[in-house]
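Here's the structure, in structure tokens; my notes come after.
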Amino acid sequence: MTQWQKSSFSGPGDGNECVEVARSEASLLLRESDEPPRILTVGTSALAAMLRHLQVDASGSPR
């Protein structure tokens, strides 16, 4: 059974406004709690690159 972990940035409670992550044998799984059947499979390097991209503000400077 897949064990999902809610993002710490999602806030308290069981609301449907959060990103969840889980580990599979070969990759990581991402989903939004409001659409649990829709799962994105990513490698660790791809997820790290996405997170770095999201941390850049509009001026192009890291936060």
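The values are calculated or read from the model by the stated rules, or taken from the named source; none is laboratory data. Being a predicted model, the structure only gives us computed values, none of them experimental. Neighbour counts run over all protein chains shown; Cβ positions are idealised from the backbone, glycine included. The accessibility values were calculated without ligands, DNA or RNA, using every heavy atom of the protein model including side chains. Shrake-Rupley method; radii C 1.70, N 1.55, O 1.52, S 1.80 Å.
Just a few scattered comments:
- The residue that is surrounded by the most Cβ atoms within 10 Å (Cβ to Cβ), counting only those in region 37-57 that are assigned to a loop (DSSP other than H, G, I, E, B) and at pLDDT 90 or above, is GLY43.
- When region 1-23 is filtered for residues that are modelled with pLDDT of 90 or more, in a loop (DSSP other than H, G, I, E, B) and either within 17 Å of ALA48 (Cβ to Cβ) or open to solvent by 70 Å² or more (accessible area, probe 1.4 Å) (or both), only GLN3 remains.
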